[in-house]
1. Which one of B:369, B:334, B:330 is farther than 20 Å from residue B:176 by Cβ and within 9 Å of another protein chain (Cβ to nearest Cβ)?
2. Go through B:196, B:182, B:203 for me and flag whichever is without any contact (Cβ under 8 Å) to a residue 12 or more places away in the chain and more than 20 Å from residue B:405 (Cβ to Cβ).
3. Which residues, counting only those in the range B:309-348, are closer than 23 Å to residue B:478 by Cβ and at pLDDT 95 or above?
4. Looking only at residues that are touching a helix residue (DSSP H, G or I) at 6+ places or on another chain (Cβ under 9 Å) and not in a helix (DSSP H, G or I) in the range A:97-111, which one is farthest from the other protein chains (Cβ to nearest Cβ)?
5. Within the range A:1-36, how many residues turn out to be touching a strand residue (DSSP E or B) at 6+ places or on another chain (Cβ under 8 Å) and modelled with pLDDT of 90 or more?
6. So in the range A:42-57, with the set limited to residues that are touching a residue at least 40 places away in the same chain (Cβ under 8 Å) and more than 13 Å from the chain's Cα centre (by Cα), which one is surrounded by the fewest Cβ atoms within 10 Å (Cβ to Cβ)?
7. If you take the residues of the range B:407-423 that are in contact with a helix residue (DSSP H, G or I) (Cβ under 8 Å, 6 or more places away or on another chain) and free of Cβ contacts under 8 Å to residues at least 60 places away in the same chain, which of them is surrounded by the fewest Cβ atoms within 10 Å (Cβ to Cβ)?
8. Take the conditions surrounded by fewer than 15 Cβ atoms within 10 Å (Cβ to Cβ) and either within 30 Å of residue B:135 (Cα to Cα) or in contact (Cβ under 8 Å) with a residue 60 or more places away in the chain (or both) and apply them to residue B:307. Does it pass?
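The values are calculated or read from the model by the stated rules, or taken from the named source; none is laboratory data. For clarity, every value in this text was computed on a predicted model and none was experimentally measured. Here the Cβ is made from the backbone with ideal geometry for all residues, glycine too, and neighbour counts use every protein chain on show.
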């Protein structure tokens with residue numbers, strides 16, 4: 001009986017999950033929420049909150065460079081997110097949880113990527 | 001270069017003795033200069049700890065962290081006569097060098113508590129899991145502490161590759177790696193050989209070179225000598241295996257895939273002319289789990305030197321000494337004082353601890369990223385990969401988002417059960433899966449593995465997952481330096497700030513490897529010792 005339940009769960013999980021259209025929120029939940037939490041509140045002493053700080057709502061080049069190259073323990077996303085995806089997710093965090101900053105365009109991210117010298121690298125098959 | 005350094009060298013002992021003598025006379029830096037003069041880099045020099053002769057002059061060193069860097073420093077400095085005190089945040093030593101087996105507990109920052117309930121004898125290396133043959137610093141301690149080794153199969157021609165994002169009839173199908181290798185290389189060799197034999201490469205090849213080049217391609221691609229065509233190779237396997245008598249007798253070789261299908265599958269991504277330096281065979285693993293290495297250290301470090309469950313709150317220094325405030329296991333505030341600090345706390349964690357260092361040093365510390373890294377061990381009730389698929393260790397390379405690599409154990413051959421690595425992923429993909437509760441992570445891993453092995457789900461019994469970025473004492477799998485930070489920030493952190501020396505895999509070019517932690521500790525303790533000698 002238990003096996004049947006498991007098999008059903010397995011089949012369900014096999015159904016394509018990437019079918020739904022990506023949004024800034026879905027990209028955030030997938031890539032950022034593990035650390036910064038869905039509420040943007042972060043985890044004290046480990047992962048900074050994305051609310052009330054200057055980085056998220058401040059000048060774009062610094063914000064984009066941080067997400068592209070990582071900083072202070074945060075991983076680099078230059079190879080994980082396209083410029084369009086990054087624009088969506090940055091627009092989302094700049095307008096959520098009480099943040100009120102301008103939307104981000106793909107072109108702005110592309111510009112900042114050049115400036116930050118953050119070229120996407122092909123994913124390595126192996127590490128360590 | 002390599003043959004000069006390797007076991008085939010004409011006089012390796014003489015050369016090594018020469019460097020050892022340099023180290024004995026002038027410390028590691030002179031030995032390193034000697035190495036450099038002969039064209040060796042530091043990496044090749046660091047196969048043994050620095051000689052710490054001349055006495056410790058009643059010096060006390062506080063070591064923060066009992067991972068491989070901290071253990072190395074504690075062991076070597078202790079042996080050289082230093083007074084050492086180690087503060088370790090976890091209840092156990094080893095840092096990221098951990099094996100999850102029955103009773104192993106992990107609570108992540110999201111509050112997910114897992115207690116490993118694998119059967120006795122089953123385990124998964126949740127941290128480092130393989131040792132390249134040239135990581136002689138790691139192997140130095142493996143040898144010294146009598147840690148038993150076994151082969152780690154890092155490349156298996158019989159293992160499947162699975163690429164669902166490719167195109168054509170081979171996309172989304174498990175295929176033996178050897179078949180892709182034979183066909184991709186065979187057809188490529190055929191093309192090159194035909195072009196060369198027509199004379200189309202004569203501008204680049206002399207007439208003698210042309211024939212030698214074709215000979216090479218015939219050999220490399222297993223081509224038909226007569227018409228330079230690729231018709232398959234026995235190495236890609238058989239439809240009917242050769243055997244006894246006349247039936248099966250010679251057996252029947254498999255037909256190669258079509259060149260276009262191999263190309264459009266993109267499964268050739270698993271092929272390289274030669275494995276990267278860090279991934280080359282031979283690779284090794286300790287019998288029974290990677291934590292046999294920290295255990296080896298612990299047997300050789302006096303009891304009481306390491307204080308567990310000690311959370312560092314504040315790191316202070318003056319011109320005269322150092323002081324570390326911490327909270328002990330009972331929740332009580334305590335202090336440790338000494339002359340120097342070797343701090344091996346990952347920079348991701350250290351940035352949250354108040355420390356008396358200069359502004360440039362603090363800024364440099366903020367310039368490193370840490371990789372989100374996920375692993376999951378899946379206990380299977382039978383070793384179907386060995387019994388049904390004849391795959392003995394190695395990796396199933398794939399492009400399933402969130403899975404990274406599936407790996408089959410290189411230990412316990414033919415025993416009843418086994419724990420395989422259900423995913424090993426980094427970056428955004430790791431962040432995504434780690435956001436799920438542990439049961440969901442396992443469900444995800446099993447569902448994906450089922451695409452490759454039909455026996456996967458029905459054999460699955462138990463899981464244990466580890467997300468290094470969600471571990472409060474690591475906050476990431478390993479340090480990731482950008483080229484920019486390597487230039488500006490990294491050199492700053494490699495030098496002491498006053499009486500504080502940083503050390504760990506993050507301060508090496510072997511990031512994420514045990515050898516990086518060990519060699520960084522060697523380098524820093526040599527600097528510290530030299531300073532004590534001169535004081």
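1. Result: B:369 is the single residue among B:369, B:334, B:330 that is farther than 20 Å from residue B:176 by Cβ and within 9 Å of another protein chain (Cβ to nearest Cβ).
2. Selected residue: B:203, the only one of B:196, B:182, B:203 that is without any contact (Cβ under 8 Å) to a residue 12 or more places away in the chain and more than 20 Å from residue B:405 (Cβ to Cβ).
3. If the condition is that a residue be closer than 23 Å to residue B:478 by Cβ and at pLDDT 95 or above, then B:311, B:312, B:315, B:341, B:342, B:343, B:344, B:345, B:346, B:347 are the ones that fit.
4. Restricting to residues being touching a helix residue (DSSP H, G or I) at 6+ places or on another chain (Cβ under 9 Å) and not in a helix (DSSP H, G or I), the top hit is A:100.
5. 1
6. Going through the range A:42-57, the residues touching a residue at least 40 places away in the same chain (Cβ under 8 Å) turn out to be A:50-52, A:56-57.
Now restrict to residues that are more than 13 Å from the chain's Cα centre (by Cα): A:51-52, A:57.
Numbers: A:51: 17, A:52: 12, A:57: 18.
The residue in question is A:52.
7. Result: B:414.
8. Details: surrounded by fewer than 15 Cβ atoms within 10 Å (Cβ to Cβ): no; either within 30 Å of residue B:135 (Cα to Cα) or in contact (Cβ under 8 Å) with a residue 60 or more places away in the chain (or both): yes.
In short, no.
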